[in-house]
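Below is one structure, written out as structure tokens; the observations come after it.
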Amino acid sequence: MGLVVEVAKELAIQTGPRNQEEVRGLSYTYHAYVPGTGNLLRYDNSHSFDEFHRHEYIFPTRDQQPLQVLTREEFPTLIEVLDEVQAMAQRLGLAS
């Protein structure tokens, strides 16, 4: 049983206040699941630019825990998501 983590990021380059180019994140999605079995976790802001969400699922069902709304500052980095998915997979017996 393989665990998949899909990552999608949309970035834009803009000119900053000192006339230097900056990279700004527009859209983020981190989605962890076991193909054909069920979802584990999903972080995204696909609903609105400044509205971030954490979706956790009751594995292996497709039922979702209550949606958590996050601020931009609370939205995790990719490495934090990977660490969380790894801990979740170990807890569920999906990884050693």
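In whole percents, the pair-distance distribution calculated for the chain from its alpha-carbon pairs, binned every 5 Å from zero, is 3, 12, 21, 22, 16, 11, 6, 4, 3, 2, 0. For SER27, the amide hydrogen comes within under 5 Å of the amide hydrogens of GLU10, counting only partners 5 or more places away or on other chains and with H modelled in the peptide plane. Stretched out straight at 0.36 nm per residue, the stretch from GLU10 to LEU26 would grow longer than its current Cα-Cα span by 5.2 nm.
The angle separating the long axis of helix 78-91 from the principal Cα axis of greatest extent in the chain is about 10 degrees.
On a per residue basis, the chain carries 65 Å² of accessible surface, using protein heavy atoms and a 1.4 Å probe. Peptides 73-85, 34-46 ranked from most to least packed, by the mean per-residue count of other Cβ atoms within 10 Å: 34-46, 73-85.
The values are calculated or read from the model by the stated rules, or taken from the named source; none is laboratory data. Nothing here was measured: the structure is a model prediction, and the numbers come from that model. Cβ coordinates were reconstructed from backbone atoms using ideal geometry, including for glycine residues, and neighbour counts include every protein chain displayed. Surface accessibility is based on the protein's heavy atoms, side chains included, excluding ligands, DNA and RNA. Shrake-Rupley method; radii C 1.70, N 1.55, O 1.52, S 1.80 Å.
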